[in-house]
Amino acid sequence: MAEPPLAAGAPAPPGPEPLCRSQDLVERGRAWVWSVLQYGQPVRAFALRFDGRVHAYLNRCAHVPTEMDWQPGEFLDSDRRWILCSIHGATYDPASGRCVGGPCGRGRLTPIATEERDGAVLWQPTRDIRPAAAGSAA
Ligand code: FES
C-alpha cells in the first residue's frame, strides 16, 4: 500500500520498531514491558497476547496516571480475562483498552499499534510516542 505524501517540512514518520519474538507472548500470559517516550517523557508500555492477537498500551491507568501491573508484566486478573489495575481495581478490555469497570469511568488505555512479521512482534511509533533511545537526549 502506498504511503500518503508528506506535507512540506513534516518529519518522516518513524518506521516499525522490533519489540520481541512472537513466542515471547503466550496467550493470556505475562506481558512484554518496555520503555517509550510520550511527548519526550519516559513511560512504560506493555504488550500481551489475547485471543491470538497482540495488543499493546501505555502502562498508565486512566484513573490515575500510574503503572498498573501487579508484578512486572502481570496485568491480567485471576481469570485471565481482563486487564486489572493493581492500584484501585480499574478493569479494562484487553482487546480494546476500554474501561469496563472500576474507577476508570469512560477512560481507556492509550493503544500502541503492533504487527507480527516473520515470528517477530513490531510496534509502530507515532509522532507522540517514540522509542526511548531516539529521544534520550531530552
Ligand atoms: S490508579 Fe488504576 S484504578 Fe486507580
Residue-wise HN-Hα coupling along the range 46-52, computed from phi with Karplus coefficients 6.51, -1.76, 1.60 (Hz; x: Gly, Pro): 8, 10, 9, 9, 9, 6, x
Karplus 3J(HN,Hα) series, Hz, for the range 30-35 with 6.51 cos²θ - 1.76 cosθ + 1.60 (x for Gly, Pro): 5, 7, 8, 10, 8, 9
Likely footprinting exposure, CYS104, CYS85, fewest C-beta neighbours within 10 Å first: CYS104, CYS85
HN-Hα J in Hz across the range 92-107 - Karplus 6.51, -1.76, 1.60, θ = phi - 60°, x for Gly and Pro: 10, 6, x, 7, 10, x, 6, 5, 10, x, x, x, 7, x, 8, x
Cα-based Rg of the chain normalised by 2.2 N^0.38 Å, two decimals: 1.08
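No lab work stands behind these numbers, since they all come straight from the coordinates. From a predicted model like this one, the values you see are computed outputs, not experimental measurements. Here the Cβ is made from the backbone with ideal geometry for all residues, glycine too, and neighbour counts use every protein chain on show.
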